[in-house]
Amino acid sequence: MESNQYINDGWFFEVNELWPGMKLALEIEKVLYSGRSKFQQIDVYQTRDHGRMLTLDGIIQVTEFDEFVYQEMLSHIPLFAHPNPEQILVIGGGDGGILREISRHDCVKNIDICEIDKEVVRVSREFLPELGCGFDDKRVNLHIRDGNAFVHKQKNKYDVIIVDSSDFTGPGEVLFQKPFYQGLKAALKPNGIIATQGESIFLHKDVVASLAHITKELFVKQAYSSIMVPTYPGGSIGICLGSLGPDLKRPAREIPDKIQKQLRYYSAEIHEASLVLPYFAKKMIDEQ
Ligand code: SPD
């Protein structure tokens, strides 16, 4: 087996200053791809028990074992909260998993995706076809550009914007700040909804509080969903939601049987339930 800086004795270790004093380890059978793009280190592993895994700069982005949780919830909460989403923008999301979920909605007419790193798209299409297949939908238009710059050029165009970013350091940092959210708001149509990667209520309280503050200030309605993803730090991650009109608390339309049968995590019940937060997190968000 090949090895790199994150692997020791057949185990991958996710160690990062964003979650000090803890690390997640997964047993690895093989390094399927390892390369450096202009922006980051990209690796794909065959794990022993969790399917294939994509990491960027040593941070787990997806494992085949639990990727469905994050991709379904980040996509279907805003898409079902909107009564008729036709024009969609995805920022980040180069692995294609979010596109795969959006494609399940027949009402969607156009999906723009702006990903900064074309290598992530290429590697995912080759090594993670169950996610990379998201790019096969004819409604998808891929823009290889900086997401922040792209957003600031769009005005009054999208019904739903989904930000599938990596974490809040390095190139991703700007995607957690107010000017970016102002850009998202301006890019939305009057009834638009945003859903963004919102980190962890346990590990990133300051970030969650700041996102809540920004979305409360800019949007008519705001909510935060917490979901279980065993291979993310601390086993959970959040979704920050902002709406210029529609209620976020529950689906605005019936979930077609055809879609529900394809899903493993999202349902009308979990949409509502995921927005009910543990008391400490609710208090923290209410105080913003
Ligand atoms: N701590 C890792 C957060 C990763 C969020 N993005 C995942 C991309 C999946 N499409």
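If the condition is being closer than 10 Å to residue 76 by Cα and free of Cβ contacts under 8 Å to residues at least 24 places away in the same chain, then segment 258-267 contributes only 267.
Residues of segment 163-177 that are more than 10 Å from the ligand (Cβ to nearest atom) and either assigned to a helix (DSSP H, G or I) or surrounded by 21 or more Cβ atoms within 10 Å (Cβ to Cβ) (or both): 170, 171, 173, 174, 175, 176.
Of the residues 147, 132, 192, 170, the single one that is farther than 22 Å from residue 81 by Cα and more than 16 Å from the chain's Cα centre (by Cα) is 170. Looking across segment 227-252, just one residue is closer than 11 Å to residue 76 by Cβ and in a loop (DSSP other than H, G, I, E, B), and that is 251. Here residue 235 meets each of (1) of a type in the set (Gly, Ala, Ser); (2) free of Cβ contacts under 8 Å to residues at least 60 places away in the same chain; (3) crowded, with 22+ Cβ neighbours inside 10 Å with one exception, condition (3).
Checking each residue in segment 258-288 for being open to solvent by less than 30 Å² (accessible area, probe 1.4 Å) and assigned to a helix (DSSP H, G or I) picks out 259, 271, 281, 284, 285. Residue pairs whose Cβ atoms lie under 7 Å apart, separated by 6 or more positions or on different chains, with the first residue in segment 69-94 and touching a residue at least 40 places away in the same chain (Cβ under 8 Å) and under 18 Å from residue 262 (Cα atoms) and the second among the aromatic types (Phe, Trp, Tyr) and more than 10 Å from the ligand (Cβ to nearest atom), are 69/265; 72/265; 72/266; 73/265; 73/266; 76/266.
Would you confirm whether or not segment 191-213 contains a residue that is closer than 22 Å to residue 113 by Cα, open to solvent by 10 Å² or more (accessible area, probe 1.4 Å) and either away from the ligand (no atom under 16 Å from the Cβ) or assigned to a strand (DSSP E or B) (or both)? Among the residues of segment 191-213, at least one is closer than 22 Å to residue 113 by Cα, open to solvent by 10 Å² or more (accessible area, probe 1.4 Å) and either away from the ligand (no atom under 16 Å from the Cβ) or assigned to a strand (DSSP E or B) (or both), which makes the answer yes.
Of these, 157, 138, 153, which one is open to solvent by 10 Å² or more (accessible area, probe 1.4 Å) and in contact (Cβ under 8 Å) with a residue 60 or more places away in the chain? Result: 157 is the single residue among 157, 138, 153 that is open to solvent by 10 Å² or more (accessible area, probe 1.4 Å) and in contact (Cβ under 8 Å) with a residue 60 or more places away in the chain. Would a scan of segment 1-23 turn up a residue that is under 14 Å from residue 127 (Cα atoms), out of contact with any Leu (no Cβ under 6 Å at 6 or more places or on another chain), surrounded by fewer than 20 Cβ atoms within 10 Å (Cβ to Cβ) and touching a residue at least 12 places away in the same chain (Cβ under 8 Å)? Within segment 1-23 (the criterion being under 14 Å from residue 127 (Cα atoms), out of contact with any Leu (no Cβ under 6 Å at 6 or more places or on another chain), surrounded by fewer than 20 Cβ atoms within 10 Å (Cβ to Cβ) and touching a residue at least 12 places away in the same chain (Cβ under 8 Å)), the answer is no, since none of the residues qualifies. Here residue 145 qualifies as away from the ligand (no atom under 15 Å from the Cβ) and open to solvent by 10 Å² or more (accessible area, probe 1.4 Å). Inspect all residues belonging to segment 23-45 and state whether any of them is within 11 Å of the ligand (Cβ to nearest atom) and outside any loop (DSSP other than H, G, I, E, B). Yes - at least one qualifying residue is present in segment 23-45. When 52, 48, 100 are checked against the criterion of being among the basic types (Lys, Arg) and out of contact with any helix residue (DSSP H, G or I) (no Cβ under 7 Å at 6 or more places or on another chain), 48 stands alone in meeting it.
The values are calculated or read from the model by the stated rules, or taken from the named source; none is laboratory data. Computed from a predicted structure; not experimentally measured. For neighbour counting, all protein chains shown are included, and Cβ atoms are generated from backbone atoms with ideal geometry for every residue, glycine included. Only protein heavy atoms, including side chains, enter the accessible area calculation; ligands, DNA and RNA are left aside. Shrake-Rupley method; radii C 1.70, N 1.55, O 1.52, S 1.80 Å.
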